[in-house]
1. Can you tell me which residue in the stretch 89-115 is farthest from residue 134 (Cα to Cα), limited to those that are of a type in the set (Asp, Glu) and touching a residue at least 40 places away in the same chain (Cβ under 8 Å)?
2. Go through the stretch 43-65 and give me each residue that's over 23 Å from the mean Cα position of the chain (by Cα) and over 26 Å from residue 214 (Cβ atoms).
3. Might you let me know whether the stretch 152-165 holds any residue that is of a type in the set (D, E, K, R) and touching a Gly at 6+ places or on another chain (Cβ under 7 Å)?
4. Out of all the residues in the stretch 250-272, is one or more closer than 22 Å to residue 38 by Cα, in contact (Cβ under 8 Å) with a residue 40 or more places away in the chain and under 18 Å from the mean Cα position of the chain (by Cα)?
5. Which one is modelled with the lowest pLDDT among residues in the stretch 172-186 that are closer than 19 Å to residue 274 by Cβ and among the small types (Gly, Ala, Ser)?
6. Is it the case that some residue within the stretch 256-278 is crowded, with 18+ Cβ neighbours inside 10 Å, within 15 Å of residue 188 (Cα to Cα) and not hydroxyl-bearing (Ser, Thr, Tyr)?
7. Residues in the stretch 227-267 that are among the hydrophobic types (A, V, I, L, M, F, W, C) and at pLDDT 95 or above: how many?
8. Within the bounds of the stretch 313-325, is there any residue that is buried (at least 19 other Cβ atoms within 10 Å of the Cβ), outside any loop (DSSP other than H, G, I, E, B), in contact with a strand residue (DSSP E or B) (Cβ under 9 Å, 6 or more places away or on another chain) and not basic (Lys, Arg)?
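The values are calculated or read from the model by the stated rules, or taken from the named source; none is laboratory data. Nothing here was measured: the structure is a model prediction, and the numbers come from that model. Counting neighbours? That spans all protein chains shown, and the Cβs are built from the backbone with ideal geometry, glycine included.
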Amino acid sequence: MTVHTSSNRKLKQATDFAVTDTMTAQLRSNASRELDDVYPTRLSEPLESLWLERQEEVVRGREEKGPLSQAQLDEFERKGFLFEPNFISGEELDELRRELDALLSRDDYRGRDFSITEPDSQEIRSLFAVHFLSQRFASLAHDERLVGRVRQILGGDSYVHQSRINYKPGFEGKGFSWHSDFETWHAEDGMPRMHAVSASIVLTDNHEFNGPLMLIPGSHKVFVPCLGETPDDHHRQSLKRQEFGVPGREALGELVARHGIEAPKGAAGGLLLFDCNTLHGSNANMSPDPRSNVFFVYNRCDNACVEPFAARHRRPGFLAHEPDTPWAPEQ
């Protein structure tokens, strides 16, 4: 008979966890090898073409399967995004804004890995994993008004791959380079295919002077490979100022020439849904008015991440959540 002391039990538990982590990593690696990478990126040399054609459908659900009308679904299919004014209003909006202020004012969040500050100041730029930090935002992330729209677009059930608050303070909020979120999630998180959609609820008025999100309509129909090997721990730099994973100017210029640029603007409470591959960016906030939004990324359950396609290691858990796996900040 074997008698386990307390230290032996702890050692066995630690070994079990290590074995489990190793097995999970091996399964992801095997899955990555079995998948054809139809979206190569972070290349050493450019491809002959400026972009690759998208392989997946954009809208997979039908009008009768959710709250979006056929006209709205057609607009999302055509442009890669859809803006709905007045999605939230009244006391519900006020409550969300109070929760935003409470989270941003927490001194114990400053300096943590999930709290990203502006490049040249200590103003919080983004607060990640917000639906794990706040019960109010957790309820919103799983609200059927959002999930129903996402299910309708994706054609299946989803989980929250990432959540965050974006805050662009007045006068000091810096812009963000043009990029496709999918390019980053594919390269650095191991998201296999374009089966994800983002939902952004604006919590302050968005106008042309406070750095609203700009999108290139129609850009979701192609994938623009990017140049440069992904540095280790790239997220530490890219969340402040992105240099890798940024499309080339020739491709951007051609896409803008074909499709133009749009910046959905409006009063607080509007909802912006956009495809994971829609190219977007933002200018600096040169006005005194802050710009903030809460942002949820929904990934279809059968599209769970594997090993990264263009990075040595996956990004931390606060940036890329696992299905049905809770996250908590390290103490």
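1. First, the residues of the stretch 89-115 that are of a type in the set (Asp, Glu): 91-92, 94-95, 99, 101, 107-108, 113.
Narrowing further to those that are touching a residue at least 40 places away in the same chain (Cβ under 8 Å): 95, 113.
Working: 95: 12, 113: 17 Å.
Filtering first and then ranking leaves 113.
2. 44, 45, 48, 62, 63, 64, 65 - these are the residues of the stretch 43-65 that are over 23 Å from the mean Cα position of the chain (by Cα) and over 26 Å from residue 214 (Cβ atoms).
3. Within the stretch 152-165, none of the residues are of a type in the set (D, E, K, R) and touching a Gly at 6+ places or on another chain (Cβ under 7 Å).
4. No, the conditions are met nowhere in the stretch 250-272.
5. Of all residues in the stretch 172-186, those closer than 19 Å to residue 274 by Cβ come to 175-186.
Pick out the ones that are also among the small types (Gly, Ala, Ser) and you get 175, 177, 180.
Details: 175: 84, 177: 90, 180: 97.
This residue is 175.
6. yes
7. Total meeting the criteria: 8.
8. Looking through the stretch 313-325, none of the residues is buried (at least 19 other Cβ atoms within 10 Å of the Cβ), outside any loop (DSSP other than H, G, I, E, B), in contact with a strand residue (DSSP E or B) (Cβ under 9 Å, 6 or more places away or on another chain) and not basic (Lys, Arg).
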